[in-house]
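Have a look at the structure below before the remarks.
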Amino acid sequence: MDYSELNLIGSSSPHIRTKAGTNSIMGEVLIALAPALCFAVYNFGWRALANTLVSAAGCCLFEYLYRYLMKKNNTVGDLSAAVTGVLIAFVCPVTIPYWILLVGDFFAIVVVKQLFGGIGKNFLNPALAARAFMLSWAGEMSTWVGPRTSTPLWGSFDAVTYPTPMALLHGNDLASLEQMYDLPEMLVGFIGGSMGEVSALLLIIGGVWLIFRKVITWHIPVCYIGTVAALTFLFPRGNDPMTWMLYNILGGGLMLGAFFMATDYVTSPVTHLGQAIFGVGCGLLTVFIRYFGSNSEGVCYAILVMNLVVWIIDKSIKPGRFGVAKAEKLSGLGKKPEKKKEKKEVAGK
């Protein structure tokens with residue numbers, strides 16, 4: 001057989017064979033997000049679905065155009081751009097204008113992802129980086145509507161900003177929050193906020209699905225949510241530590257961030273220990289920003305900051321090469337034994 005005619009690619013070991021590819025993994029993420037999206041449509045009307053479709057289509061379009069203009073292979077089929085678009089819609093108010101969504105899509109795909117080499121090479125989570133950039137339009141990004149509010153598909157929406165649970169928690173107004181939303185409503189999602197904040201229960205179900213399907217591991221979500229729970233319980237700003245803690249973990253974007261943002265393969269550590277450290281760091285920063293920052297929510301900036309130190313975590317706790325330490329012991333060529341021998345010779349003289 002003439003092997004010269006075969007298109008063989010040589011690579012270094014280890015060789016891992018698996019049927020899972022990027023498109024199948026991203027498909028699992030879309031499946032996990034589907035229940036929360038359905039509830040958002042029920043809670044806010046068809047505008048929630050329209051936002052999601054526009055954002056996903058925008059991300060796919062910008063990725064296709066960039067790859068085409070740069071004469072690179074088309075990567076739209078791996079569904080990573082679609083996932084980014086869905087997540088961008090999830091972290092925005094349902095009243096956000098479509099054009100701002102498209103600006104965020106462009107920033108996420110072209111600036112954060114493609115300019116650094118495409119999938120696998122970005123150092124920030126594209127969806128969260130886009131959300132931070134979109135806060136340039138502070139008014140549009142802070143116009144929240146209440147639960148069961150139907151928003152029009154087209155045109156502007158005239159509404160008074162509805163207080164979200166995190167806004168009330170930021171003002172240490174637990175009494176008003178308990179009167180407006182009870183804990184079962186917080187869990188199910190009959191609250192105001194973005195689509196990614198409303199139904200903690202369905203986001204947890206989606207996250208558990210990803211763990212069950214081995215798309216993600218439990219280390220980051222458990223350490224992230226556990227750290228927020230521990231800090232808010234030990235240092236409450238309400239009369240009841242348990243109630244204060246439950247409102248903090250069920251409100252805001254904690255569930256979305258812990259299961260779908262912080263677990264991004266590219267921008268999170270590769271080892272389990274590193275993932276645990278990453279999760280704890282995200283939890284610490286989230287609580288610190290919520291308690292001492294001017295912004296009522298800290299999930300976005302906490303994850304972005306931890307994205308920037310992932311390389312330090314990986315470098316600090318990377319495992320040693322197999323057999324290296326053992327080979328050094330057997331060789332007997334270390335520096336310490338030589339120093340001891342030199343001291344004995346000097347003493348003999």
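Values computed for the structure shown
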{"item": "P(r), alpha carbons of the range 189-330 - 5 Å bins starting at zero, rounded %", "result": "2, 10, 18, 20, 19, 12, 7, 4, 3, 2, 2, 1, 0, 0"}
{"item": "Surface share of carbon and sulfur [accessible, 1.4 angstrom probe, percent] for the range 246-315", "result": "76 percent"}
{"item": "Using a Förster distance of 41 Å, the FRET efficiency for Trp99-Lys318 (Cβ separation, nearest 0.05)", "result": "0.40"}
{"item": "Calculated FRET efficiency for the pair Leu183/Ala132, C-beta based, R₀ 35 Å, to 0.05", "result": "0.70"}
{"item": "Peptides 67-78, 206-217, 133-144 ordered by average Cβ neighbours within 10 Å, highest first", "result": "206-217, 133-144, 67-78"}
{"item": "Accessible area per residue, Å², the range 159-300 with all protein chains present, probe 1.4 Å", "result": "40 Å²"}
{"item": "Size of the range 70-140 as Cα extents on the principal axes (Å, biggest first)", "result": "38, 20, 18"}
{"item": "Per-pair calculated FRET efficiency, R0 = 51 Å: Tyr68 and Leu234 via Cβ, rounded to 0.05", "result": "0.45"}
{"item": "Peptide ranges 21-27, 245-251 listed from the most packed, as the mean C-beta count within 10 angstrom indicates", "result": "245-251, 21-27"}
{"item": "Gain on full stretching of the segment that runs from Leu153 to Val110 - 0.36 nm per residue minus C-alpha separation", "result": "12.8 nm"}
{"item": "Extension gain from Asn172 to Ile31, taking 0.36 nm per residue of separation minus the Cα-Cα distance", "result": "47.1 nm"}
{"item": "Per residue, in Å², the accessible surface of the range 81-120 once ligands and nucleic acids are set aside, probe 1.4 Å", "result": "26 Å²"}
{"item": "Thr22-Ala57 pseudo-label distance in nm [points 7 Å out on the Cα-to-Cβ vector]", "result": "2.4 nm"}
{"item": "Theoretical gain in end-to-end length, Thr217 to Met242 [0.36 nm per residue, Cα-Cα removed]", "result": "6.3 nm"}
{"item": "Heavy-atom accessible surface of the range 123-241: percent carbon and sulfur, 1.4 Å", "result": "65 percent"}
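The values are calculated or read from the model by the stated rules, or taken from the named source; none is laboratory data. Since the structure is predicted, the reported quantities are computational estimates derived from the model, not experimental observations. Cβ atoms come from the backbone with ideal geometry, glycine included; neighbour counts cover every protein chain shown. The area values use the complete protein model at the heavy-atom level, side chains included, leaving out ligands, DNA and RNA. Shrake-Rupley method; radii C 1.70, N 1.55, O 1.52, S 1.80 Å.
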